[in-house]
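Working notes for the structure below.
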Amino acid sequence: MSLLIVGTVAFDKIETPLGKTEKILGGAGTYIGLAASYFTEKINIISVVGDDFPNKYHQIFHDHKINTEGIQIVKGGKTFFWEGKYHTDMNSRDTLITELNVLAEFDPKIPKKYQNCEFLMLGNLEPNIQRKVLRQLKKRPKIVVLDTMNFWMDIAWDALIEIISIIDILTINEEEARQMSGEYSLAKAARKILTMGPKYLIIKKGEHGALLFDKEKNSFFSPALPLEEVFDPTGAGDTFAGGFIGYLAKTKDLSFENMKRAIIYGSALASLTVEKFGTENITYLHSSELNERIKTFKDLVEVDI
């Protein structure tokens, strides 16, 4: 089943207590696409880059059989760039530089080939851009997943509420869930957010796992894998989202039980991402490495009582 991803393709420059990089491949759309590609091959992506985006990065998408016809290349433009420095605990960071560049004028266009997508992943972008993509589709996908952040809650609340009222699955972190709902308890926050439109809610808790809720008052918690070293948390949430929707697209099963499995697969991929800088660990990941990590997760959560 075809998957359409809308999200940033970018340059990142990262510093953590364990080292630093020069400009490397980044962006939400990149992480989502790479992660999803380990489960399904029919992936299309919509984004924008400048003509400074090197061929070697275009090749990575092609190697993962991701159709890049929807990536606009702006002649003379510069690709979106973010630079950040993580604190010792790896849970907080300082943004040093944000250059929107071509992203500032991004006007997504859906190629004709992309029209019949069955799964849609709207990466973290301005809510009006997310809504514009959904409105361009002549046929509604079977599942629409949307990721957002507190920045859009601060400056584009009305537009955000409008788009989440017409999607299926919302993914946010625990801080954002509390801000959106006005509730400290994540269980109460989830119930309130689910009245705003989404059928399902995923609350990402970083190194503490992820929660899944639905309107029928079902819930599920997946722990995160305890890791000896975390090199770079950048893109972990997007990798998680890519693994999640990629697994759903592969299995064609949209039940709550299967979403629980999808969360485990997404969490496994995210745990691999953070063990190296940027996309390095998931760019050419061997299937045996992913299978071993899935087995480790299974052993972690399985208990006979």
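Computed from the coordinates by the stated procedures, all read-outs in this text should not be read as laboratory data. This structure is a prediction, so every number in the text was calculated from the model and none was measured. All Cβ positions, glycine included, derive from the backbone under ideal geometry; neighbour counts span all protein chains shown.
Spin-label model, T88/F220: points 7 Å from Cα along the beta carbon direction are separated by 3.8 nm.
On a per residue basis, the convex hull of the C-alpha atoms belonging to the stretch 76-203 measures out at 131 Å³. Our summary gives the chain a relative contact order of 18 percent, counting only alpha carbon pairs under 8 angstrom and 6 or more residues apart.
Across the stretch 7-17, computed HN-Hα scalar couplings (Karplus, 6.51 cos²θ - 1.76 cosθ + 1.60, θ = phi - 60°) run x, 6, 10, 8, 9, 10, 10, 10, 10, 10, x Hz from first to last residue, x flagging Gly and Pro.
The loop-placed chymotrypsin sites (Phe, Trp or Tyr not before Pro) in the stretch 121-220, going by DSSP, that have at most 12 neighbouring Cβ atoms within 10 Å of their Cβ come out as Y184. Shown here for the stretch 201-305: GluC sites (Glu not before Pro) in loop regions (DSSP other than H, G, I, E, B) with at most 10 other Cβ atoms within 10 Å, namely E216, E228, E229, E302.
Estimated from helical segments only, the mean residue ellipticity of the chain at 222 nm is -11000 deg cm²/dmol, where each DSSP H run of four or more residues counts as -39500 (n - 2.57). In the distance distribution for the stretch 201-305, Cα-Cα pairs more than 19 Å apart total 41 percent. Sorting 131-140, 48-57 by average packing, meaning the other beta carbons within 10 Å per residue, from highest down gives 48-57, 131-140.
Averaging the Cα positions of each part gives two centres, and for the stretch 95-129 and the stretch 132-167 these lie 11 Å apart. Extent of the stretch 1-106 along its three principal axes (Cα atoms, max minus min coordinate, largest first): 41, 34, 22 Å.
Values (i) 46; (ii) 51; (iii) 41 are given for comparison; percent of Cα pairs over 26 Å apart, derived from the coordinates here, is the one labelled (iii). Per residue, the convex hull spanned by the alpha carbons of the stretch 50-126 comes to 156 Å³. GNM, the chain, Cα, under 10 Å: largest mean-square fluctuation among P233, P141, P17? Taking springs between Cα atoms under 10 Å, the residue moving most is P17. Average projection, convex hull of the Cα set of the stretch 87-139: 5.6 square nanometres.
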